[in-house]
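S.K.: Shown below is the structure under consideration.
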């Protein structure tokens, strides 16, 4: 199953910045999950700041609360998921 990537962001970014975020996340997914470049299904949703409440859950890293990524697809290995999120954190 092809992954559906939902990207939730705080309102205020321009069209170019939103496209850059989507492009970076897609490239990370292609690399981490061995996808075809054309396997791209993304939905970007903008929210008012008070509608995104994201708190630290003690994972030991600094978290921004302005971008949330959800990936829906067939299960991926833990290693592939860790690779995706490491690439995304580094590149965003």
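S.K.: Does residue 22 satisfy the criteria of being modelled with pLDDT of 95 or more and not in a loop (DSSP other than H, G, I, E, B)?
M.R.: Details: modelled with pLDDT of 95 or more: yes; not in a loop (DSSP other than H, G, I, E, B): yes.
Judged against the criteria, residue 22 is a match.
S.K.: Against the condition in contact with a helix residue (DSSP H, G or I) (Cβ under 9 Å, 6 or more places away or on another chain), under 14 Å from residue 69 (Cα atoms), in a strand (DSSP E or B) and free of Cβ contacts under 8 Å to residues at least 60 places away in the same chain, how does residue 44 come out, does it pass?
M.R.: On the way: in contact with a helix residue (DSSP H, G or I) (Cβ under 9 Å, 6 or more places away or on another chain): yes; under 14 Å from residue 69 (Cα atoms): yes; in a strand (DSSP E or B): yes; free of Cβ contacts under 8 Å to residues at least 60 places away in the same chain: yes.
It is true that residue 44 is in contact with a helix residue (DSSP H, G or I) (Cβ under 9 Å, 6 or more places away or on another chain), under 14 Å from residue 69 (Cα atoms), in a strand (DSSP E or B) and free of Cβ contacts under 8 Å to residues at least 60 places away in the same chain.
S.K.: Out of the residues in the stretch 64-80 meeting the condition of being part of a loop (DSSP other than H, G, I, E, B) and more than 16 Å from residue 39 (Cβ to Cβ), tell me which one is modelled with the lowest pLDDT. If you could, list the steps in order and put the result at the bottom.
M.R.: Going residue by residue through the stretch 64-80, those that are part of a loop (DSSP other than H, G, I, E, B) are 64-66, 73-77.
Now restrict to residues that are more than 16 Å from residue 39 (Cβ to Cβ): 64-66, 75, 77.
On the way: 64: 68, 65: 64, 66: 79, 75: 87, 77: 91.
Only one residue fits best here, namely 65.
S.K.: Taking the stated definitions as given, is residue 56 surrounded by 10 or more Cβ atoms within 10 Å (Cβ to Cβ), over 13 Å from the mean Cα position of the chain (by Cα), at pLDDT 90 or above and part of a loop (DSSP other than H, G, I, E, B)?
M.R.: Values: surrounded by 10 or more Cβ atoms within 10 Å (Cβ to Cβ): yes; over 13 Å from the mean Cα position of the chain (by Cα): yes; at pLDDT 90 or above: no; part of a loop (DSSP other than H, G, I, E, B): yes.
So residue 56 fails the test.
The values are calculated or read from the model by the stated rules, or taken from the named source; none is laboratory data. Please read these numbers as outputs of a predicted model, since none were measured by experiment. Neighbour counts are summed over all protein chains in view; Cβ atoms, including those assigned to glycine, are modelled from backbone coordinates with ideal geometry.
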